[in-house]
1. For residue 129, all conditions in the list (1) within 26 Å of the chain's Cα centre (by Cα); (2) crowded, with 20+ Cβ neighbours inside 10 Å hold save one; what is the number of the exception?
2. The conditions are (1) in contact with a strand residue (DSSP E or B) (Cβ under 9 Å, 6 or more places away or on another chain); (2) open to solvent by 50 Å² or more (accessible area, probe 1.4 Å), and residue 120 fails exactly one of them. Which is it?
3. So residue 51 ticks every box in (1) surrounded by 14 or more Cβ atoms within 10 Å (Cβ to Cβ); (2) among the small types (Gly, Ala, Ser); (3) touching a Lys or Arg at 6+ places or on another chain (Cβ under 8 Å) but one. Which box is left unticked?
4. Among the residues of region 115-171 satisfying the criterion of being in a helix (DSSP H, G or I) and of a type in the set (S, T, N, Q), which is nearest to the ligand (Cβ to nearest atom)?
5. Only one of (1) open to solvent by 30 Å² or more (accessible area, probe 1.4 Å); (2) more than 12 Å from the ligand (Cβ to nearest atom); (3) not hydroxyl-bearing (Ser, Thr, Tyr) is not met by residue 75, so which one is it?
6. Determine which single condition residue 83 fails, assuming it passes every other condition in (1) open to solvent by less than 60 Å² (accessible area, probe 1.4 Å); (2) modelled with pLDDT under 95.
Amino acid sequence: MSLREFLLPIRVVLIDTALPENIGAAARAMKTMGLSDLALVRPKLFPDQRANALAAGADDLLERAQIYDSLTDAIADCVYAAGCTARLRDISLPLLEPGEAAQSLLTEARRGPVALVFGAERTGLTNEDLSRCDAAVHIPTEAEFSSLNLAQAVQVLSFCIRSAALTITEVMPLPLAERDDPPATIEQMERMFEHFEQALAEIDFFKGRPYGHLMQRIRRMLHRADLDTREVMIFRGILADAQRMARLAESRINK
Ligand code: SAH
């Protein structure tokens, strides 16, 4: 799955937003992080030029934004919703940090649309709004000053979602089924390490120094790379060529 596909089912819902500037800035925050689905519940002033001014090029999100009368309608098709709250009192839901919320949203998004819900500037999310959600999300702050600007809260969460999605798509190995070649067996790895040691000796990489520690580092590095069978063959091809060149050079010297 591509990054885009991971991010596509994630909807940002803004409830009772008073300032159109915040809607525009939230759209901008979303677009920078690759999110595109914006839903507005009872926005005070929308559409509004001030929203477009702050969107700074994210006008397409504003144009496509869906407007609803209630949170229930805005998330009717969602399989999961997380509500962002500045206050920690009286929360009877699982409380997540932004990174955990991002993970949950991305996991659930494989089953259908998911929502990240934000409250009004003055009052935040009502208990009723929160009760529609599966989890509450709190951005850790100073205890005495916990309320971020709405659009900045959207930015923080959008960034966490993008970071989590990048980790999944770029760093984590593809699931077995999606890899073309089977993973290398321990035996194949061991033969590759033996080959490594021989080849490094032949090209005189060790220069008479003890090389146990170095071989350990190489082992650790290559185990971490989670090689498949073909990748082991590529490595061994390189080693064989290095040996061939070393032997050729030696035979030339000996002539
Ligand atoms: N005075 C309100 C704060 C509203 S800020 C209150 O006490 O709840 C507008 C919205 O931004 C909030 O409803 C919430 O969705 C989000 N937000 C602001 N600060 C946040 C924080 N520290 N953690 C999570 N969401 C936050």
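1. (1)
2. (2)
3. The failed condition is (3).
4. Per the stated criteria, the residue is 152.
5. (1)
6. (2)
The values are calculated or read from the model by the stated rules, or taken from the named source; none is laboratory data. Fair warning: this is a prediction, and the values are worked out from it, not measured in the lab. As a convention, Cβ positions derive from the backbone with ideal geometry for all residues, glycine included, and neighbour counts pool all protein chains shown. Ligands, DNA and RNA are stripped out before the accessible areas are found, and what is left, the full protein with its side chains, is counted by its heavy atoms. Shrake-Rupley method; radii C 1.70, N 1.55, O 1.52, S 1.80 Å.
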